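The values are calculated or read from the model by the stated rules, or taken from the named source; none is laboratory data. Just so you know, these numbers come straight off a predicted model, no measurement behind them. Reconstructed Cβ throughout: ideal geometry from the backbone, glycine too, with neighbour counts over all protein chains shown.
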Amino acid sequence: MKKQIRRLFMVVWVVLSVGLWSMMFTGCASTTTSESTGEYLDNAAITTKVKSAYATDPVVKALSVHVSTFKGVVQLTGTVSSDTEKKRAEEIARSVAGVTKVKNGIVVKP
């Protein structure tokens, strides 16, 4: 009887251990629709750098352009007054370290 209890305890322990280890290693992993904690922090840093560069640029009005980053891809949205400002916003975003692609959805006001 003691051997059966001990064997049952070992089986339960192994199953729980394997389950916990797999959760630990996949719980923070990214997927195509979500990002890991590290990616989230990297993306937040990229967004901050792009917005800071806009704040110091004489052409781009920082408050007119919204910036979001997901897996290194920067998405620009908002409304600007000229095509020059739209192009400059994209140039600045591309120049930031860590940016893999820029999707420029900025609209130029007529």
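A few notes on this one:
- Across the range 20-39, the qualifying residues are those that are modelled with pLDDT of 60 or more and part of a helix (DSSP H, G or I), and the one among them that is surrounded by the most Cβ atoms within 10 Å (Cβ to Cβ) is 39.
- Residue within the range 81-98 that is crowded, with 16+ Cβ neighbours inside 10 Å and assigned to a strand (DSSP E or B) present: no
- Pair list, Cβ < 8 Å and 6+ apart or interchain, from the range 49-78 residues that are in contact (Cβ under 8 Å) with a residue 40 or more places away in the chain to residues that are charged (D, E, K, R) and in a loop (DSSP other than H, G, I, E, B): 71/35
- Given (1) at pLDDT below 95; (2) assigned to a helix (DSSP H, G or I), index of the condition residue 50 fails: (1)
- Test: residue 42 is surrounded by 14 or more Cβ atoms within 10 Å (Cβ to Cβ), modelled with pLDDT of 85 or more and not aliphatic (A, V, I, L, M): yes
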